[in-house]
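The values are calculated or read from the model by the stated rules, or taken from the named source; none is laboratory data. On a predicted model such as this, the values are computed, not experimentally measured, just so you know. Here the Cβ positions follow ideal geometry from the backbone for every residue, glycine too, while neighbour counts run over all protein chains shown.
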Number of protein chains: 4
Amino acid sequence: MFFASDNWAGAHPSINERLSKESTRFAAAYGNSDLDKAVEARFNEIFERNVSVYFVSTGTAANSLSLASIARVGGVAFSHTEAHVIEDECGAPDFFSGMRMVPVEGEDGKMDPEKLSARIAGFPQDSLHHGRAAAVTLTQATETGTIYTLDEIDAITAIAKANGLPVHMDGARFANALVSLDVSPAEMTWRRGIDILSFGGTKNGCWCAEAIVFFNPELARDFAFIRKRAAQLFSKTRFISAQFDAYLQDGLWLNMASHANSMADRLRAGIGSLNSTRLAWDTTSNEVFAVLNKASAEAAEARGAKFYGWPVPTNMPEPVRDDETLIRLVTSFATTEEDIDQFLSICSAS
Amino acid sequence: MFFASDNWAGAHPSINERLSKESTRFAAAYGNSDLDKAVEARFNEIFERNVSVYFVSTGTAANSLSLASIARVGGVAFSHTEAHVIEDECGAPDFFSGMRMVPVEGEDGKMDPEKLSARIAGFPQDSLHHGRAAAVTLTQATETGTIYTLDEIDAITAIAKANGLPVHMDGARFANALVSLDVSPAEMTWRRGIDILSFGGTKNGCWCAEAIVFFNPELARDFAFIRKRAAQLFSKTRFISAQFDAYLQDGLWLNMASHANSMADRLRAGIGSLNSTRLAWDTTSNEVFAVLNKASAEAAEARGAKFYGWPVPTNMPEPVRDDETLIRLVTSFATTEEDIDQFLSICSAS
Amino acid sequence: MFFASDNWAGAHPSINERLSKESTRFAAAYGNSDLDKAVEARFNEIFERNVSVYFVSTGTAANSLSLASIARVGGVAFSHTEAHVIEDECGAPDFFSGMRMVPVEGEDGKMDPEKLSARIAGFPQDSLHHGRAAAVTLTQATETGTIYTLDEIDAITAIAKANGLPVHMDGARFANALVSLDVSPAEMTWRRGIDILSFGGTKNGCWCAEAIVFFNPELARDFAFIRKRAAQLFSKTRFISAQFDAYLQDGLWLNMASHANSMADRLRAGIGSLNSTRLAWDTTSNEVFAVLNKASAEAAEARGAKFYGWPVPTNMPEPVRDDETLIRLVTSFATTEEDIDQFLSICSAS
Amino acid sequence: MFFASDNWAGAHPSINERLSKESTRFAAAYGNSDLDKAVEARFNEIFERNVSVYFVSTGTAANSLSLASIARVGGVAFSHTEAHVIEDECGAPDFFSGMRMVPVEGEDGKMDPEKLSARIAGFPQDSLHHGRAAAVTLTQATETGTIYTLDEIDAITAIAKANGLPVHMDGARFANALVSLDVSPAEMTWRRGIDILSFGGTKNGCWCAEAIVFFNPELARDFAFIRKRAAQLFSKTRFISAQFDAYLQDGLWLNMASHANSMADRLRAGIGSLNSTRLAWDTTSNEVFAVLNKASAEAAEARGAKFYGWPVPTNMPEPVRDDETLIRLVTSFATTEEDIDQFLSICSAS
């Protein structure tokens, strides 16, 4: 019953096997091996266009260096108030990009287009003292388990483009969003106006596999140097490539995300049907936010369930009572039906 | 015949096995798992004292963040002219530490103590315009395949301490130096006055395993934040831990380094005995610098041997003739006697 | 009728004279002259304790380098939402300090102590992902023309101290606040718990005279290097010293601020008494925020009056009508009664 | 007898008068006044083309922000080993530009073109690990009192251009070089291939007047933001403009530089003719390097003469004996014949 985060899961056996196979041979370092080239080419296929791909070690690195690649002096980047770049990365995006992250409010973990417009208007291009708008970054799936529809992405990118701003997508849970929307990678990204993508594999069954995908190669002009100076160029890069090679093979990545999402569906259905539990809000990814009787939560923890409490938003439709608690549950490729049924059973009995 | 670098090798089977085993379970993220704690404790044993250990993704990160942890505004760090921090890291040490790297000359890839003293004297602590001395960093084994003796390390750290400067050791090839000197990790580091160590595993049979070891925990005071802001905190940190767990188990790390060194010995002996080849200078680690007849070098390359040319130093005892070329050959845990004998045989025949 | 800002004024004749006198002699550069030492000693007297004083070129530099001197990696600094460090300095505080500025709301341009407490609580000292509280900065007088009372400063510094945070005061209009409260410099600063002060002279009759005053010399430990590396060490520092020498002589600084404040009083009285104008909110410094009939505003501008519009806050007690406009009027040492009476007369007639 | 540095001098009376006149009026802040615009236009005339001009507070700021404007990630900038950017600015150029300063040797304080070529060749544009060439900066007049001839500048810029590198000139003593060469500002800068100039006024009779002149406006694209974020935008910018207004009026700047140079000529002639003194090397600017009998030096100091000792270069044509000392003497607009004759007379008598 490990629902604390999808990064508590291990790695998929196919990924292990691919790594073990790779480990027996010699090959060129620093991303220059045949495997590195082959995996880069694979990204072209996945995204149906020529892209520039760079591997880095963490999601924080992917987001921070993406923003660094489009940074402007005195620039600010707009993201949702709860975005990882603002809330969870210890200022790394500001450190690497030299830009301030400006929060934009919005329901359901998504930037409100009107509020984004208004925020951008506060940072005109000649705004020497206050700072100038330089980038927009959105998270797909969001931090609160929701997913931008294609139309909602369009609305954000349209505003960005109208203001001449590049758009970055934080795809730490890209695959979960993709299979939930049932669209292609191209449809959810560059066809919507996304310029740069943090393509996350770690949370979805890899060990350490994060890629930055540039749909506009011009933006990647200096990126090899940005990455190297940021100490993010692995000597044995091919072990990241090997993970992606297995990950992208025969739809493994989509299958793992589908599994995680369907386990979350099972959780959602169960939590919605019990008396002692309810869904805090609707989600469609592998994250579930639930209000539990404190007794249920304590019973589950006593039996070994792992999950984190979550701060109660001010705008909850139904308030969280004193004898209740708000928690986040995250499923992964490794979550089993048994895990979920056991968890629900404990809650049901409390 | 892959002698281009030890980072062209794959990973040792024991490390693969340990990773595969780790991949099947759930565990806490961001370095908070039982395994992470166990491996940290293992470092205490290895070094015979309580140390603070932090994993990062690359050797460049290990060096740069080590220096960042002891940085002073307006400070400079002293290293050998050919050190990785100056020559090969794209300015990452300067970027993360905010300090300039000041080169110190010396024979055999080692800082000359007198020249180090003289350099430090040029940057007194009140030197507002020129900058002030803040750190010393030495590489063990060096970039040119040599190894500081314990006395030589003592000479460097004595000067540093006399000037109140902390000392960092870049141990990208730490194990190779250790087994060559046949001393304990403690003897080669903190007992000699080393304060911080970049402990490298990647070049010696891991996939991606670099640790920063603080012998003086006070210097690590802010380090968790320095690493996180540098985007170097892995969510699935335990896969680095797992590599180190196998690496440090039953002396695997020392055995791999011994193997690499002895393969280099075999190369050294062979190269020294042929007519068409000679050793450029003496080395005792897993790096060999050789002068080959160009015909030999070309023949070897034509047969698939991989190695890099090396710039000819100005102070070679015996000059490199026009029909000769200077190359670097690096062995690893994966190098075989057959590789070496084949290489020597090709050279011998050319 | 120059009410756009107090930095539109020139310089006081006494300051000119002192500079002219200084210009005829030779003296040591980089802050080492007798005059530099004498003026530093004068700050000790003014603040009734030994302080460390450093001159810089701009208010932005004073604030940014103050924050840099107390910065922590992964740290955040708290200020009012409308503070200069957030709104008007192009990210310089973030750039020099490496910290994010976190806004704290509050009425009348002042941080609300409870909201400050709540904000700080969101950044505990072990908050590796979200960031840790590192500093508080308050502006005296505030950006909206109000002034923290001594009790209000106490309330802020008490919270900061309880959380172990140093406190900076942005005193771009320090003298205006001081004479309005009618207290001593010591009473408004270190006796209230302020650790570092941006002591502004430029807006109050100097040409370019900004000082950073450290009440806790320990915090200034590295500051000479911080300033030099920030390119803020003037070679002819004594010309800043000369300005401060005249500024602090015979209470000139307080007299200029008193004059500016009393001119603002005259404006406040007049604006409050006319039909076509009203005070937007109460202020007690040299800044006046007024709601004018648009006709009055246009008439005044047509006659040469200079002032800036101001964004209408959401919480105005009395809303700004469509035929009205909200403006800011700033007085200075150079403002005359005639300027004010002419302005009021134009408004009165429109 | 103030020969310590030209920044020990005060300010010229005409500059005082212009400042005093400016102090009596109101005008727009942050460089938007009529005077600011007029002085900017004046730079166009001086340089015989449209230039972009930005004022900053110090020579260090001028150099550092110039380099920041042309910085590339992983880039390095080449300068003479003794250049101010390497020796005297506490790492500010590295801090603001993010680039390492790479020293280039050369006689007489000037980069040797062949050595510059060789150095640049070591940093090719795809040199990911070692870093890539990004800029060249030369100092005119040099730190050792010499002056690049037009041909020598051509040689440097030709190499830079052949490598696609922009060229910056540190003109802290620009006027002294100009009158010594007897050429126009255009001839010594953009007609020679200089892209950006640090145009110094402080050492030549101003109080604080440093400008960055962009001959290629494209390079200044982001500069307003670079300067503001660096805390270098003065609110009362017009007081810098006022200094330049007087400085550039009726050739005052050239007259002051001519005077300083001719005072240096007088020193050179005298020192060359005495038994107890000799010129250490030839100079043609307002800096003189002299070898004095220690007795003479001590006598001069005892009588109030101010000067600094200078480190003895390794390649002095005639060695400095134990009873001698090498000193630097700098003249300025304020140096008098009496100062010099008194100094020479003391030396002559010792």
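What to note about this one:
- Filtered residues of the stretch C:1-17 (kept if more than 7 Å from chain D (Cβ to nearest Cβ) and buried (at least 22 other Cβ atoms within 10 Å of the Cβ)): C:3, C:6, C:12, C:15
- Between D:138, D:128, D:150, D:116, the distinction of being within 14 Å of chain A (Cβ to nearest Cβ) and either at pLDDT 95 or above or closer than 27 Å to residue A:229 by Cα (or both) belongs to D:128 only.
- Of all the residues in the stretch C:3-29, those that are without any contact (Cβ under 8 Å) to a residue 12 or more places away in the chain and among the basic types (Lys, Arg) number 1.
- All positions within the stretch D:121-146 that are buried (at least 23 other Cβ atoms within 10 Å of the Cβ) and not small (Gly, Ala, Ser): D:136, D:137, D:138, D:139, D:140, D:142, D:146
- Out of C:290, C:246, C:211, sole residue that is within 30 Å of residue D:94 (Cβ to Cβ) and either modelled with pLDDT of 95 or more or away from chain B (no Cβ under 14 Å) (or both): C:211
- Qualifying residue in the stretch C:187-202 (condition: of a type in the set (Asp, Glu), more than 14 Å from chain B (Cβ to nearest Cβ) and over 22 Å from residue C:52 (Cα atoms)): no
- Of the residues making up the stretch B:304-350, those that are within 24 Å of the chain's Cα centre (by Cα), surrounded by 20 or more Cβ atoms within 10 Å (Cβ to Cβ) and aromatic (Phe, Trp, Tyr) are B:307, B:333.
- Every residue from the stretch A:313-350 that is touching a residue at least 60 places away in the same chain (Cβ under 8 Å), under 14 Å from residue A:291 (Cβ atoms) and assigned to a loop (DSSP other than H, G, I, E, B): A:350
- Test for residue A:59: is it within 25 Å of residue A:145 (Cβ to Cβ) and in contact (Cβ under 8 Å) with a residue 60 or more places away in the chain: yes
- Candidates A:79, A:97: the one that is crowded, with 23+ Cβ neighbours inside 10 Å, modelled with pLDDT of 95 or more and within 14 Å of chain D (Cβ to nearest Cβ) is A:97.
- Scope the stretch C:238-264; condition of a type in the set (Phe, Trp, Tyr) and closer than 23 Å to residue C:182 by Cβ; matching residues: C:244, C:247, C:253
- Among residues of the stretch A:82-91, those that are crowded, with 24+ Cβ neighbours inside 10 Å, within 13 Å of chain B (Cβ to nearest Cβ) and either of a type in the set (Val, Ile, Thr) or touching a residue at least 40 places away in the same chain (Cβ under 8 Å) (or both), counted: 1
- Test for residue A:300: is it touching a residue at least 24 places away in the same chain (Cβ under 8 Å), in a helix (DSSP H, G or I), more than 20 Å from residue A:146 (Cβ to Cβ) and of a type outside the set (S, T, N, Q): yes
- When the stretch D:18-33 is filtered for residues that are facing another protein chain (nearest Cβ under 7 Å) and either among the acidic types (Asp, Glu) or assigned to a loop (DSSP other than H, G, I, E, B) (or both), the ones remaining, listed by number, are D:22, D:23, D:24, D:25, D:26, D:27, D:28, D:29.
- Within the stretch C:238-269, if we keep just the residues that are of a type outside the set (Phe, Trp, Tyr) and in contact with a strand residue (DSSP E or B) (Cβ under 8 Å, 6 or more places away or on another chain), the residue that is surrounded by the fewest Cβ atoms within 10 Å (Cβ to Cβ) turns out to be C:268.
- Among all residues of the stretch D:43-51, there is none that is closer than 28 Å to residue D:109 by Cα, under 18 Å from the mean Cα position of the chain (by Cα) and either in a strand (DSSP E or B) or within 14 Å of chain A (Cβ to nearest Cβ) (or both).
- Residue C:218 meets all of the listed conditions (1) at pLDDT 95 or above; (2) within 22 Å of residue C:39 (Cα to Cα) but one, namely (1).
- In the stretch D:221-252, the residues that are closer than 24 Å to residue C:229 by Cβ, assigned to a helix (DSSP H, G or I) and either over 19 Å from the mean Cα position of the chain (by Cα) or free of Cβ contacts under 8 Å to residues at least 12 places away in the same chain (or both): D:223, D:224, D:225, D:226, D:227, D:228, D:229
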